[in-house]
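**Q** Handing you this structure, nothing more for now.
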Amino acid sequence: MRKERIAKREGFSKGVISLFIIFNLIFFTGILKSQEIQWGKESLTRGKVWVTLHNAFRLGEVDLPWTYYTLDYPGYSHGADPSDRPAYIISGGYMIYGERGADNYAYSILGVFYPSSQYVYPTRNAQLIKNYNLLNPNLKAEEIFLGGHHVKDLDVDVNLKGMVWSFPKYDDFVILEVSIKNTGSTLLENMHFGIRLGVWITQRGDWIGPGSDFDDKYGWDKAHNCFYFYDDRSFNWETEEPVQFNFGPGPTTGDIGDPADITDPGAKNHEIMSPGYMTLICLDSAGANVYQNILQYLGQGVSSDAPREDIPPRLGTDPPSRFLEVMTHQQPRLSWDEARARGGEGGNKYERSPEFVVSCGPHDIAPNDSVKLVYAIVLGEMDRHRIVEGGVENIQRLATDSKNSLLKNVEAARELYSNGYYIADPPPMTPTDGENTLVLTPVGGGIKIQWPPIPDTYVDPVKGVNDFAGYKVYRSSYFCAGPWDLVARIPKDSVSLENGLVTYTDEGLSLGVGYYYTVTSYDENGNESGKVNPNRFPVYPLRAPNENFPKNVYVVPNPFRQHSGLLGVGEELRMEFIGLPAKCTIKIYTLAGELVRTIHHDDGSGSESWGSIEKLDYQTNRWMLYVSPGVYIFHVQNEVPGHEDEYYIGKFAIIK
């Protein structure tokens, strides 16, 4: 009996030990897995240019959902509509060439391809460093991306550092530092490296607006030694004749800039949807030559009838020498129109869907040595009030205003880099950081805006003193990217606090109109922080609940005729029930009595819309399908305590 108990105890002990070993194996395997270097990406969203960078040096994505930013300008987070992306490229990446003895090698990647273990493996996880307001001045930038990988054939490590700023002079570009380290045991000779961008100006203009995927052009600016890209007229691929548009500015300027009003004679929206100009420049070639080449963007395509000089090399198909040929080819220093008129290379239809390659080389890199190359992707656009106003005059001004904005930003990027990223007089810290960080509360006929005060302990990172002077409040009734109008300037001595938050109430607003806000700070020299904290979706002034319900209940507009009359982005289908009690349920029916949609109203106001921009469900039924034109019945059931027996039945019409 004693031996049996001992055997049981021994068996129990062995079982406990086994479980302990298994637990530790699982635990430490999890730790090792979490520390494993993997492919990954992070997004830089501090400035006006939003871009997602991958440690494989990809810009773009292969599969849906497209949770990334490809040079979105001005950037904002994604909503329910995947087409609403102000992306200026379709994808991006790089190509590299090098020689070891008698052998040559090449590698390349674009955003529309996955990194293959046949060619590369990650060496540094994608990392995002947030250094808002230069809290640590030694880090130089406000947001920093770090990541890297190893290229097997060339035996090099490629490390990427991306940097952005929110300061108004420096918020229109992304600087990319690329370090190439020779990890082999022999000299790497004749190394050339180039960043490649598939230009697409813009996804929003081509998918929501009237543009096409092959209507971009390029110009050449000798003074700034750079090509630049912009949206131009769509054309018929076979005849190369411009596409004709009959409405708005279409008969005069076609779809230059992708105006929203050239396909609809009754259009209320006149926005120029692709207003920006873009370029890629080399800030530091480490003493080597710089090459600028324009090709046809093919993405995952495998063939083209384009001239040889316009066809990009294909990894796994073309020999390494073809990559070197492309990276050392200089595009004639002419605009597309000038090249077209002159004849010869350039100015053809294949370059209307351009891929831009900026390369540096040659470099010889000894074992364990590195070369650092520095690039900047720069954008610019005209004043957003003009962009939203649209019309022939403003479209024609793109060639001066947007171009001049771009070139000014090119100068700012070069200045910043030449100064070692030193900013002599930065603005004060931003009141809040990122979208939707202001506290916005609808009040009667207005919106209350609140944010934390700049602390008394704030110190300018360069001057070492507190030079904060006050706040500025901006409002837009159009979109989270503006255009912005200044509604209040609040000196720090005039600040009003409520529950510890700076408080400003914007009164006398139009009921039923959505508003956006952003708040900046300024210092004693007038330097102003960036507009980094807008609300992504609109807020609406509070309409008082209807104390006389069921009297005075309406639907507006009624009848609905093609457009709500509201000019904010996405508001064209907005319909609103007004004269509601503070809490109620609205049911919408067809004339046949079929339930279309149930809406629960409980925000204490006297109005409720049929859907929202955020969910993109204006005028949709319970299956998220847009309703047909016709007459509808609506029933409002009061749910305010003591008034549950009150209801209202009405009707409205939708005419499309």
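**Q** Among the lysines, select those whose C-alpha is under 19 Å from the C-alpha of residue 583, and discard any that sit fewer than 8 residues away in the same chain.
**A** Partners found: 551.
**Q** Defining a contact as two alpha carbons under 8 Å apart and six or more residues distant in sequence, what relative contact order in percent does the chain show?
**A** Across the chain, relative contact order equals 11 percent.
**Q** Filter 41/161; 140/463; 268/615; 161/463 down to the pairs with a C-alpha to C-alpha distance above 24 Å, please.
**A** Result: 161/463 exceed 24 Å.
**Q** Which of (i) 1.17; (ii) 1.51; (iii) 1.13 is the computed Cα Rg over 2.2 N^0.38 Å for the structure on display?
**A** (iii)
**Q** Okay, moving on. Determine, from the Cβ-Cβ distance of residue 400 and residue 644 and an R0 of 45 Å, the FRET efficiency 1/(1 + (r/R0)^6), rounded to the nearest 0.05.
**A** After rounding to 0.05, the efficiency reads 0.10.
**Q** List the aspartates and glutamates whose alpha-carbon lies under 20 Å from that of residue 152, not counting same-chain residues fewer than 8 positions away?
**A** Qualifying aspartates and glutamates at Cα under 20 Å: 36, 99, 103, 189, 318, 364, 369.
**Q** Continuing with the same structure: If the reach is capped at under 13 angstrom between alpha carbons, list the aspartates and glutamates near residue 448, excluding any in the same chain fewer than eight residues apart.
**A** Here the aspartates and glutamates satisfying the reach criterion relative to residue 448 are 498, 506, 507.
No value in this document is a laboratory result; all are computed from the given coordinates. Model, not experiment: these values are computed from the prediction. Glycine also receives a Cβ, built like all others from the backbone with ideal geometry; neighbour counts cover every protein chain displayed.
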